[in-house]
1. Determine, for each peptide in 231-237, 28-34, 4-10, the mean count of other beta carbons within 10 angstrom over its residues, then list the peptides with the highest first.
2. Just list whichever of Lys240/Lys281; Lys96/Lys281; Lys102/Lys281; Lys96/Lys131; Lys217/Lys281; Lys102/Lys131 have alpha carbons separated by over 24 Å in the model shown.
3. Once fully extended, how much extra length lies between Ser43 and Gln293, figured as 0.36 nm per residue of separation less the alpha-carbon to alpha-carbon distance?
4. Show me the ranking of peptides 288-294, 176-182 by mean Cβ neighbours inside 10 Å, starting with the highest.
5. Over the stretch 153-278, with every protein chain in place, what whole percent of the accessible area is carbon and sulfur at 1.4 Å, could you tell me?
6. From the residues Ile139, Pro180, His166, which one has its Cα farthest along the dipole of the stretch 121-199 in the positive direction, the dipole being from +1 and -1 charges on Cβ of Lys/Arg and Asp/Glu about the Cα centre?
7. May I ask for the net charge around Ala16, where only other residues with Cβ less than 13 Å from the Cβ of Ala16 are counted and Lys, Arg are +1 while Asp, Glu are -1?
8. Which shape class applies to the stretch 1-87: rounded if a/c is under 1.5, otherwise prolate when a/b exceeds b/c and oblate if not, where a ≥ b ≥ c are the square roots of the Cα gyration tensor eigenvalues?
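The values are calculated or read from the model by the stated rules, or taken from the named source; none is laboratory data. All values reported here derive from a predicted model rather than from experimental measurement. Positions of Cβ are backbone-derived with ideal geometry, glycine not excepted, and every protein chain shown enters the neighbour counts. Note: areas computed on protein heavy atoms with side chains; ligands, DNA, RNA excluded. Shrake-Rupley method; radii C 1.70, N 1.55, O 1.52, S 1.80 Å.
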Amino acid sequence: MRLLFLAVLRRHTGNAVTAQRVRDHLEAAGHVCILKDAFDFESPSEISNFIKAENLEAAVALHLYRGGRLLQGNGIPFGIIFGGTDLNEDVNQGDKNKVMGKVLEEARFAVAFTESMKETAQRQWPHAKDKIYVQSQGIATVPNTAFNWNTFLQRSEINQSADNLHVFLLICGLRQVKDPLYLVDAFSEWHQEEPNIYMVIVGPEVDPVFTREVKAKVKRTPGVRLIREMAQEDLHAVMKNCFALVNSSVSEGMSAAILEAMDLEVPVLARNIPGNSAVVKHEVTGLLFSDPQVIKNLPAMQKTWVQSLGWEDPLEKGMAAHFSILAWRIPWTEEPGGLQSMGLQRVRHD
């Protein structure tokens with residue numbers, strides 16, 4: 001089947017990484033999957049022309065509003081994969097909420113990464129409750145084996161011996177919903193007490209105005225560094241070398257960075273929000289926090305880390321494996337005839 005896959009493909013973002021993984025799996029299952037950036041199209045009519053030109057038979061959109069609204073009325077069956085922004089942010093805007101409800105009326109199915117995402121969608125659009133399925137996001141990590149950790153530290157202006165260094169890594173696009181400044185002051189205070197503690201923020205400059213605010217804050221804050229986006233293989237190598245991964249987002253769908261950290265057996269500290277608590281079980285697969293001041297208590301929690309997270313040794317293999325689904329499986333591939341049962345009948349253009 002020839003499929004159109006619409007997503008927001010801003011480089012080095014979670015959406016782009018997720019879209020590429022889903023595309024790879026669909027192609028491995030025997031489909032032709034054309035991945036396009038939703039921002040390349042301004043209206044459903046442009047999508048319609050593209051569908052006809054490419055003789056596409058069905059479509060999938062990652063993000064109910066940004067991608068889904070472009071697929072309405074185009075004459076081919078389509079499904080939706082919920083993101084984080086559509087369910088956590090756009091849903092609170094009346095006009096967008098209404099548009100997303102209309103998209104779900106026409107969609108043949110919708111995929112949520114977690115049960116909590118499914119429940120949120122069902123509350124908002126009860127008319128679509130029978131077409132919403134849960135499929136956990138899968139990940140695969142490929143650390144660059146040639147990556148030089150010491151060179152990275154030097155480039156980050158961290159002049160400490162790697163042997164006794166504790167780097168807490170925050171990976172996010174620089175925009176307000178990711179709230180990268182939430183823990184900056186707390187980590188800086190800890191760094192001034194223990195100079196081997198650093199917080200490193202890595203990610204693309206998504207919001208130019210907010211990026212300037214982040215840069216200014218980091219520049220005047222001891223113990224905190226800001227690094228531009230990196231190739232995925234290099235980022236995985238950095239993650240593998242860090243002391244722990246941190247997530248401080250205001251909202252998440254399902255954080256790919258958290259899943260990748262678990263796959264690499266790196267401890268996770270995550271803000272206690274629905275998207276994170278659906279992945280991280282407190283003191284079992286990570287630590288959840290609701291206040292920046294928890295950072296000040298981390299040294300005192302060392303015993304808890306050792307007992308519940310195995311901080312002195314790598315995380316238990318089973319813990320990482322639980323989240324390490326190496327191929328993201330769209331529900332239609334799970335059963336004979338599943339494509340039709342999810343409502344994507346083959347359609348050809350004359």
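1. Packing order, densest peptide first, comes out as 4-10, 231-237, 28-34.
2. Correct reply: Lys96/Lys281; Lys102/Lys281; Lys217/Lys281.
3. Fully extending the segment from Ser43 to Gln293 adds 85.4 nm.
4. 176-182, 288-294
5. 43 percent
6. Ile139
7. For residues surrounding Ala16, the net value is +3.
8. oblate
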